[in-house]
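The values are calculated or read from the model by the stated rules, or taken from the named source; none is laboratory data. The structure presented is a predicted model; accordingly, all values stated were derived computationally and were not measured. Every residue, glycine as well, gets a Cβ built from its backbone with ideal geometry; the counts of neighbours run over all protein chains shown. Only protein heavy atoms, including side chains, enter the accessible area calculation; ligands, DNA and RNA are left aside. Shrake-Rupley method; radii C 1.70, N 1.55, O 1.52, S 1.80 Å.
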Amino acid sequence: TTQLLTEEGIQWIRQELNKVSNSGIPTRRPNGMNRYGIILDDTVDGAATLSTLTIFCNKLVDDYVRPIGRMLFPDSIGHGDDFETYPFTIRYKLGEDVKLNEHRDASVVTININLNLPGEDYGGSSLYFVDSVDPSLRHNVTFSPGMAIVHRGALRHAALPIEAGERCNLVIWLFGEGGHVRIAPYSAKEQLSVTERWSKQKKLLF
C-alpha cells in the first residue's frame, strides 16, 4: 500500500467523473460483481469516453503501475503479460453494492485507489486478502483518502460490507493482449531484467 493521490488529485478525478455522471449518457456496469461504477476504457462499448481520464489512466500505468508490478512480481509478469489495461470505478453504499465476495481479478496485477476526499468517512468496507501461503489467514486493509494497493490479480480478496457512508475507488487491471492472464510462474532465468521492467512497452503495428 502507498499514499498515491493528493487531495487536489482526488478532487480533479472526481470532477471529471462527475462530468460523465451529469452527461446523462448511459454507461455499462464495470463487471458482473460491481453494478455502480464507470468503465474508463474508451475501446469498450458502453464505457465513458473522456479523454482527460483516458490520458491520466494511461500515464499512471505507463509511469508507475506497470514498472512497479514488474518489480514486485517478477515471477508473474513477462513480455506482453501486462500490456493491456481495463480501468473502472467502483462504489459501495447502503442500498446499492454493499460488499464484494471473495474472488480473483482477471489480471496479472491490479491497482486499487481510494477516491474518497478527507472528511468523507464511511464504516466497514475494508478489504481482506487471503494469505498465499496459509489460506486460513486473512490480511485486512482499510483505505484512507488517496491510498493505493497494488496486488497480484490471482490473490484472492474481498470487500467486507459497508456499514455507513460511501466508498469510491478507481481500479485498473493489467493483463496480456486479448485478455490473456498468465498463471504459470517464470523461472529466475526467464524473468525480465531491471531495464526491461522499467522500460515503456510499445505496441507493434503489424
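Give me the residue from segment 99-122 that is touching a Pro at 6+ places or on another chain (Cβ under 7 Å) and open to solvent by less than 50 Å² (accessible area, probe 1.4 Å) and, out of that set, farthest from Ile149 (Cα to Cα).
Once the filter is applied, the top-ranked residue is Leu117.
In segment 1-24, the residues that are of a type in the set (Asp, Glu) form Cβ pairs under 6 Å with partners that are assigned to a helix (DSSP H, G or I), at six or more places apart or across chains, as follows: Glu16/Thr52; Glu16/Leu53.
The residue list Gly78, Gly95 contains one member that is more than 17 Å from Val171 (Cβ to Cβ), buried (at least 17 other Cβ atoms within 10 Å of the Cβ) and of a type outside the set (Asp, Glu), which is Gly78. Would it be correct to say that Gly119 is small (Gly, Ala, Ser) and without any contact (Cβ under 8 Å) to a residue 12 or more places away in the chain? Yes; evaluated as a whole, the condition is true for this residue.
Within segment 1-40, the set of residues being of a type in the set (S, T, N, Q) and either touching a Gly at 6+ places or on another chain (Cβ under 9 Å) or not in a loop (DSSP other than H, G, I, E, B) (or both) comprises Thr2, Gln3, Thr6, Gln11, Gln15, Asn18, Ser21, Asn22, Ser23, Thr27, Asn31. Pairing each residue of segment 171-196 that is farther than 29 Å from Pro30 by Cβ with any residue that is open to solvent by less than 50 Å² (accessible area, probe 1.4 Å) and in a loop (DSSP other than H, G, I, E, B), provided the two are 6+ apart or on different chains, yields C-beta distances under 7 Å for Tyr186/Asp75; Tyr186/Gly78; Glu190/Gly78; Gln191/Pro74; Gln191/Asp75; Leu192/Pro74; Leu192/Gly78.
Table: residues versus (1) of a type in the set (D, E, K, R); (2) modelled with pLDDT of 85 or more.
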{"position": "Thr1", "(1), (2)": "no, no"}
{"position": "Ser21", "(1), (2)": "no, no"}
{"position": "Gly37", "(1), (2)": "no, yes"}
{"position": "Asp75", "(1), (2)": "yes, yes"}
